[in-house]
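Structure record follows, encoded as structure tokens.
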Amino acid sequence: MHRLLIDQPGAKRLLLGNEAIARGAVEAGVAVAATYPGTPSSEIALNLFQISRETDRYFEYSTNEKVALEVTAAAANAGLRSLCLMKHVGLNVAADALMTLAYVGTRGGLVILTADDPAMFSSQNEQDNRYYAKLAGLPMLEPSSVAEALAMVPAAFDLSEKLHAPVLLRTTTRVNHSTAVVELGPIRTPVTAGYFKKDPFSFVTVPAVSRQLHVRLLERLEEAGRLAEASPFNFEAGDGRLGVVCNGVSYGYVHDALEDLQAGGRVRLLRLGFTHPLPEERIRRFLAACDKVLVVEEGEPFMEEAIRAIAQAAALTLPIRGKGAGLFSRLYEYDPAMVRRVMAAYFALPQRPAPALDLSDVPALPQRPPTLCAGCSHRATFYAVKKATEGLDVIHPSDIGCYTLGFLPPLSMGDFVICMGASIGSACGFSRASRQKVVAFIGDSTFFHSGMPGLVNAVFNNHNLTLVILDNRTTAMTGHQPNPGVDMAELQLEGFNRVDIEGVVKALGVAHVSVIRPYNVKKSIAALREAIAFPGVSVVISREKCTLYARGLRQLHGRAFTVTDKCRNHRECVDALACPAFYLEGDRVRIDADICVGCALCAQVCPEHAIQPLRQE
Amino acid sequence: MHTTRLIIVAVGGQGNLLTSRVLGEAALLAGVPVRMSEIHGMAQRGGVVESAIVFGDALSTVISDGEADVLVGFEPVETLRALKKCHAGTTVITNLAPLPPFTVALGKGSYPAVERIQDLVAAKTARLIAFDATQLARQAGNRMALNMVLLGALLRTGRVPVPQAAVEETIRSSTKSAFVETNLKAFALGYAHVSA
């Protein structure tokens, strides 16, 4: 049995935040869940996927977040408790569905989890998705800890069913990827068979209907405000005339700072966990008891501005600060020492910080950035593209995935990256705006996610570009989740179909389509040259399984290579490929046999043919 | 309960996530409050993986610069890079077997002498325990047991409030059964290498 299905209320478990959220979904009796994977949310889905294989709870990896939201919105409106999971930028993709779904509401419970990534540990921006709650008019909960994340899932479902509204559950990386001890609660048996009761004047959003639905949305928001006033997720602690309002992980930092500063008796704390709509009356009472208030929230001044507005309406004139010079930043994530420092300064509390170590004599250290793995097929493809475009002035729009790392030298394959699927749309624009060649990159999962409309656009408007689809047969970056191109039978999973990228590309009307095996360098370069010379839209599908994925499937059989005495130290291998299996011994290039997977790319690049398979002893 | 803050740094693939998992489970077993945070995602792409483990009553799962009481480094340059997390009273345990990043092979940056790394860390912190833990892992039967060697050394310092028996029991119950004996042996070798 899956460890998150164990029915032992009161038992204590050490869980990752994302495991705790998956457990919360189990306890809430979630019947349907859908996602498109994205860090820091991915492990929730991984657990729910495993759980769906051994229960009648349904889970799917949808092609993108918008589809995932539509799937769960329908399931919830057929009466089933449904959970939609995504990273913060995923909600941009789903936003079209979200905004009008907020009008329509839900019959069964629907919770939408958005995992924000302050400091951008693995994201292209650090947008603050709390504004989506405000924009769409939806109730929102925000946990401060792993244990609270678990507890908030069933609570969010209760709230959703009470209000007939989707509820946003907004986490941040430090909740998703923290680990702590939680106490398991009882498991509610899921209702897995729903029924959709037709009601077109509630569900079909023609203007006349939507005008009525907007009225209902505002009524629901008012009711949500009343629930926020009484919610146990909004609580106060301490007393004194100095006030702190905080949310999310900042609460832990404030809590620890109050201990360190021994300021519990002077500082009054308001922790908000039900953060949209805000409990205005409760905040007003809190402000009235304070002389001075500090708002501690990562990201944008979401609460700070709202609290100032509440104070203004109540004619309260106390100082309320949060973001600003000498205070908190809108950038990146916070940490305990930073929060302690700002609290001490703002409230003039004495603190005795330990002197920082003098590190001025520490030499500059070699960087260790994340890089494409040894034997990564993307490296081979990028090398072939580089060779095929030698002497040309080429723009390389790229996309979101491991291959984004190809922008680093020496490969330098990636000139413009903004969001999922944008490689193709931006390639269209570049090809019209400039006489430079355009060779774009997109991964297999990203192609299915949002690449296809861009390609249709390229064909219809007859743009001149080459698209290289890096088909590594999995969604590699986020941990090898399935996508529509994956062979599920290989994973011993039944009941799926497979969508063939080559067939799709041809069906979309692309006139020049070729498939390369990137470890065959010469043939790949030739096929790419031909595609790039083709006037109009050409697509090259570079097909080779992700090395890590192949290893997991026990399909990696290559022998490690070694640099033989024939080496004349040209270093073409290291300088052109930057494979992490290379290291220097003195001034000689060596290959770490523990890391090398035997892809033979460097052996084909070496001008002396000095790189040979290692003889097995 | 007094708060103890531990940072573990490693190169992706060296197995530090298992180390923190074992420590966390052992703390739960022994009734010691524990919270941890990790940055995942790029771990398999050769980057640096950092785990923060907080024992005691603090609620934060993040450790600020200058606030780690103990630092365990799986690789010498990564230990030195994480020195900003330490204070003058910090105990540092480091593996001495280098894994030079590929940027060195590319000629971007040079790898400092391991002796220099030791001198710098020793001069700025309360105690440095530095040894070739990879060699001890090989001696235990598997170079991948490096994480258990360093865990043994960490336990021997007495700087984390988790009993040795709880850690050994957790190694038995929550590491892969085929590796339990090797892991226990590696743990014992690391433990024996350090003087209390």
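Quick note: the coordinates plus some simple rules give every number you see, no bench work behind them. Only a predicted model underlies this, so the values are computations on that prediction, with no experimental measurement involved. Quick reminder, even Gly has a Cβ in these numbers, built from the backbone with ideal geometry, and neighbours come from all protein chains shown.
Using C-alpha pairs under 8 Å with a sequence gap of at least 6, the mean separation divided by the residue count of chain A gives a relative contact order of 10 percent.
Going from the fewest other Cβ atoms within 10 Å to the most, the residues A:TYR253, A:TYR334 appear in the order A:TYR334, A:TYR253.
Structure remark: mean-square fluctuation, Gaussian network model of chain B, C-alpha springs under 10 Å; the largest value among B:VAL167, B:VAL180, B:VAL22 belongs to B:VAL180. Each label point was placed 7 Å from the Cα along the Cα-to-Cβ direction; for A:GLN367 and A:LEU227 their separation is 4.8 nm.
For chain B, the Kirkwood estimate of the hydrodynamic radius, built from every pair of different alpha carbons, is 16.6 Å.
Max-minus-min Cα coordinates of the stretch A:235-347 on each principal axis give 34, 30, 26 Å, with the largest extent listed first.
Ordering A:GLY495, A:GLN50, A:LEU270 by Cα displacement along the dipole of the protein assembly as shown toward the positive end leaves A:GLY495 in first place; charges were set at the Cβ atoms of Lys, Arg (+1) and Asp, Glu (-1). When you filter the trypsin sites (Lys or Arg not before Pro) in the stretch A:357-453 for DSSP loop state and at most 14 other Cβ atoms inside 10 Å of their Cβ, you are left with A:ARG435. The DSSP beta bridges internal to the stretch A:235-347 are antiparallel in roughly 20% of cases. By the count of neighbouring beta-carbon atoms within 10 Å, fewest first, B:THR134, B:THR94 end up ordered B:THR134, B:THR94.
Expressed as a fraction of 2.2 N^0.38 Å, the value expected for a compact globular protein of N residues, the C-alpha radius of gyration of the stretch B:36-140 is 1.13. Annotation: aspartates and glutamates with alpha-carbon distance below 18 angstrom to A:LYS522 (same-chain offsets under eight excluded): A:GLU390, A:GLU530, A:GLU544, A:GLU572, A:GLU608. In loop segments of the stretch A:584-617 as defined by DSSP, the trypsin sites (Lys or Arg not before Pro) with at most 11 further C-beta atoms inside 10 Å of their C-beta are A:ARG615.
Placing +1 on the Cβ of every Lys and Arg and -1 on the Cβ of every Asp and Glu, with no other charges, gives chain A a dipole of roughly 640 debye about its Cα centre.
Please compute P(r) over all alpha-carbon pairs of the protein assembly as shown, binned at 20 Å starting from zero, and give each bin as a whole-number percent. In order of increasing distance, the bins hold 15, 45, 35, 6, 0 percent.
Shown for the stretch A:3-230: lysine pairs separated by 8 or more places, or found on different chains, whose C-alpha atoms are under 27 Å apart, numbering 10. As an exercise, use a Förster radius of 35 Å and the Cβ-Cβ distance of A:ALA309 and A:PHE203 to find the FRET efficiency, rounded to the nearest 0.05. Efficiency computed from Cβ-Cβ geometry: 0.50. Within the same chain, aspartates and glutamates fewer than 8 places from A:LYS545 are excluded, and of the rest, those with a Cα less than 14 Å from its Cα are A:ASP444, A:ASP471, A:ASP487, A:GLU490.
The modelled label-to-label distance between B:ALA30 and A:ARG498, using points 7 Å beyond Cα along the C-beta direction, is 5.0 nm. Rounded to the nearest 5, the antiparallel percentage of DSSP beta bridges internal to chain B is 50%. Remark: A:HIS463, A:HIS570, A:HIS255 ranked as A:HIS570, A:HIS463, A:HIS255, counting other beta-carbon atoms within 10 Å and listing the fewest first. With both labels modelled 7 Å from their Cα along Cα-to-Cβ, the A:PHE235 to A:ARG284 distance reads 2.5 nm. Magnitude of the charge dipole for the stretch B:4-193, about its Cα centre and with charges confined to Cβ atoms of Lys, Arg (+1) and Asp, Glu (-1), is about 240 debye. Only lysines eight or more places from B:LYS85 in sequence, or on another chain, were considered; those with a Cα closer than 22 Å are B:LYS124.
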